[in-house]
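J.: Quick one: the structure is below, questions incoming.
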Amino acid sequence: MGNPHKGVTRRSLRVLRRVRETLRRHPMLLGGEKVVVAVSGGPDSMALLHLLCALQGELSLRLHVVTVDHGIHRSSAAHAEFVRRTAASWGVPVSAARVDARARARKLRVTLEEAARALRYGAMTRVARRVGASHLAVAHTADDQAETVLLWLLRGAGPDGLSGMPAVRDHEGLRLIRPLADLWRGEVEEYLVAERVPWRVDPTNTQMGPLRNRIRHELLPLLARYNLGIKAVLRRLSEQASADAAVLDAIAAEAWPAVVASEAGTVEIDCARLRALPAAVQRRLAHRAIREAGGNIRRVAFVHVERVVAMADRQDPADRADLPGLRAELSCGKVRLRRARPRQGSRMIR
């Protein structure tokens, strides 16, 4: 088993340098931080832990591992135990959590993947607060970014969705970082082999039910027949969309106080003032308003944003719509957004 405290092999120095550059370029870590590292036992998260351990002395990092047993497959408990033993052998403290992703999915009527993700991030956040960490580190790679962009493209996303996953973002008062954002999955696996770092294979990653798995195993290989560099193209698209989104954010932030108001749990958009703005800024403001009103932002697609903009344009008093987690209505020249539980049997706009 690779020992990160002894330093990586010469073959792996290039990977270590690139991670170091990623940490500095965004920036993710300046040195001296306490970081909670999400480790499932899979190749990406094991590489993340190994690399952060290798950089621990150089950056004066204090690491703490979180591993979550979602109870989704029969070997999930064994995977959590594998992570606990490996991290302990590397001198990293571990917190383990067991959750019931299936029960949460049934209760909230969301996909198993959405439920597992929410529970995983919840466990990470609780541990980070308990141990006094300021950062959460997750193991998404450049491949994950390409898959995410394609997933959101299929859902009809705008600039936010096409931006994919930011390398650094705020998460409930913490900093969530993705140190492997510039590495491809193949490079990660080569690193693990060179460093003799063990990992476990999650059997759910090969199941064709989840959309992301179908994108990974079916759609991307198909697209590669037309462009071998399709994943790099998608990743560049995310960088371009992210830069465009930042400009729109700045313009929308300046217009926000004059167009949108919040009161008593309701977000109101002034229709006349919204219509006076360029279409791209209208969409940006509508998207932010949905978020501010408490909508399920992971399920909001371009069609939902357009629906709000169309309501402001038409100003039909009878116009209303169910959005992900919200109810939109028109009243007194304003589109009002408020939280609402969807009625049994009702359908959201797709």
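J.: Looking only at segment 303-325, which residues have a backbone nitrogen under 12 Å from a spot 7 Å from the Cα of Ala276 in the C-beta direction?
T.: none
J.: Taking the dipole about the Cα centre of the chain, with the C-beta of Lys and Arg at +1 and of Asp and Glu at -1, give me whichever of Ala167, Trp256, Val37 is farthest to the positive side.
T.: Farthest along the dipole direction, towards plus: Val37.
J.: Also, quick follow-up: Which residue, Glu329, Glu239, Glu172, has the most motion in a Gaussian network model of the chain that connects Cα atoms within less than 10 Å?
T.: Of the options given, Glu172 has the highest mean-square fluctuation.
J.: Taking a probe of 1.4 Å, how large is the accessible area per residue of segment 202-273, in Å²?
T.: Roughly 61 Å² per residue, with all protein chains present.
J.: Which aspartates and glutamates, if any, have their Cα less than 15 Å from the Cα of Lys34, not counting same-chain residues under 8 positions apart?
T.: Glu58
J.: Continuing with this model, one more query. On full extension of the chain, what length is gained from Val193 through Arg18, given 0.36 nm per residue of separation minus the C-alpha to C-alpha distance?
T.: Extending this stretch completely gives an extra 61.2 nm.
J.: How long are the three semi-axes of the equivalent ellipsoid of the chain, in whole Å, if each is the root of 5 times an eigenvalue of the C-alpha gyration tensor, listed from largest down?
T.: Equivalent ellipsoid of the chain: 39, 22, 20 Å, largest first.
J.: Rounded, prolate or oblate: pick one for segment 102-219, where a ≥ b ≥ c are the square roots of the eigenvalues of its C-alpha gyration tensor, a/c under 1.5 means rounded, and failing that, prolate if a/b is larger than b/c, else oblate.
T.: Rounded shape, in that the Cα axes give a/c under 1.5.
J.: Right, here's the next one. Please go through segment 1-109 and write out the GluC sites (Glu not before Pro) that DSSP classes as loop and that have at most 13 other C-beta atoms within 10 Å.
T.: Within segment 1-109, no GluC sites (Glu not before Pro) qualify (loop, at most 13 other Cβ atoms within 10 Å).
J.: Modelled label-to-label distance, His26 and Arg320, 7 Å Cα→beta-carbon offset: nm?
T.: For the pair His26/Arg320, the computed spacing is 4.3 nm.
J.: Taking the Cα of His217, stepping 7 Å toward and past its beta carbon, and measuring to each backbone N in segment 109-130: which are under 18 Å?
T.: Label zone hits: 112-114.
J.: I've got another one for you. Classify segment 168-305 from the C-alpha gyration tensor, please: rounded if a/c falls under 1.5, else prolate or oblate depending on whether a/b exceeds b/c.
T.: Judged from the Cα gyration tensor, segment 168-305 comes out prolate (a/c at least 1.5, a/b above b/c).
J.: Within the accessible area of the chain, what % is carbon and sulfur when the probe is 1.4 Å and the other protein chains stay in place?
T.: Looking at the chain in its full context, I get 51 percent from C and S.
J.: As a test question: what accessible area, to the nearest 10 Å², does Ser40 have when a 1.4 Å probe is rolled over all protein chains in place?
T.: 70
J.: What nm value, rounded to one decimal, do you get for the distance between Asp313 and Ala232 when each label is placed 7 Å out toward the C-beta?
T.: 3.9
J.: Return the distance in nm (one decimal) between the two label points of a simple spin-label model at Asn205 and Ala246, each offset 7 Å from Cα along Cα→Cβ.
T.: With each label point 7 Å from Cα toward Cβ, the separation is 3.1 nm.
J.: Based on the Cβ-Cβ distance of Arg102 and Ala77, what FRET efficiency does E = 1/(1 + (r/R0)^6) give at R0 = 25 Å, to the nearest 0.05?
T.: Computed FRET efficiency for Arg102 and Ala77: 0.95.
J.: Further, regarding this structure: Per DSSP H run of n ≥ 4, the term is -39500 (n - 2.57); total these for the chain, divide by its residue number, and report the mean residue ellipticity at 222 nm rounded to 500 deg cm²/dmol.
T.: Value at 222 nm, helices only: -15000 deg cm²/dmol.
J.: On full extension of the chain, what length is gained from Thr111 through Thr266, given 0.36 nm per residue of separation minus the C-alpha to C-alpha distance?
T.: Full extension from Thr111 to Thr266 adds 53.0 nm.
J.: Taking 8 Å as the Cα distance limit and 6 or more residues as the minimum spacing, I'd like the relative contact order of the chain as a percentage.
T.: Answer for the chain is 15 percent.
J.: Okay, moving on. Only sites in a loop by DSSP and with at most 15 other Cβ atoms within 10 Å count here; which trypsin sites (Lys or Arg not before Pro) in segment 96-127 make the cut?
T.: Here the trypsin sites (Lys or Arg not before Pro) that fit, given the DSSP loop and packing criteria, are Arg109.
J.: Between Ala258 and Asn3, what FRET efficiency comes out of the Förster formula 1/(1 + (r/R0)^6) with R0 = 51 Å and r the beta carbon distance, rounded to 0.05?
T.: That pair, Asn3 with Ala258, gives E of 0.30.
J.: Once a ≥ b ≥ c are taken as the square roots of the eigenvalues of the Cα gyration tensor of segment 236-326, is the result rounded (a/c under 1.5), prolate (a/b larger than b/c) or oblate (a/b not larger than b/c)?
T.: Prolate, since a/c reaches 1.5 and a/b exceeds b/c.
J.: Based on Cβ point charges of +1 for Lys and Arg and -1 for Asp and Glu, what charge dipole magnitude is obtained for segment 179-295 about its Cα centre, in debye rounded to the nearest 20?
T.: 440
J.: I need the phi-derived Karplus couplings for segment 142-149: 6.51 cos²θ - 1.76 cosθ + 1.60, θ = phi - 60°, integer Hz, Gly and Pro marked x.
T.: Residue by residue, segment 142-149 yields 4, 4, 4, 5, 4, 5, 5, 4 Hz.
J.: For Glu292 and Ala224 in the same chain, what is the full-extension length gain: residue separation times 0.36 nm, less their Cα-Cα distance, in nm?
T.: Taking 0.36 nm per residue and subtracting the Cα distance, the gain is 20.6 nm.
J.: Same structure, new question: Hey, got the dipole for segment 9-64? About the Cα centre, +1 on K and R Cβ, -1 on D and E Cβ, debye to the nearest 20?
T.: Once rounded to the nearest 20, the dipole reads 280 debye.
The values are calculated or read from the model by the stated rules, or taken from the named source; none is laboratory data. Small disclaimer: the values here were computed from a predicted structure and weren't measured. Neighbour counts are summed over all protein chains in view; Cβ atoms, including those assigned to glycine, are modelled from backbone coordinates with ideal geometry. Heavy atoms of the whole protein, side chains included, go into the accessibility calculation; ligands, DNA and RNA do not. Shrake-Rupley method; radii C 1.70, N 1.55, O 1.52, S 1.80 Å.
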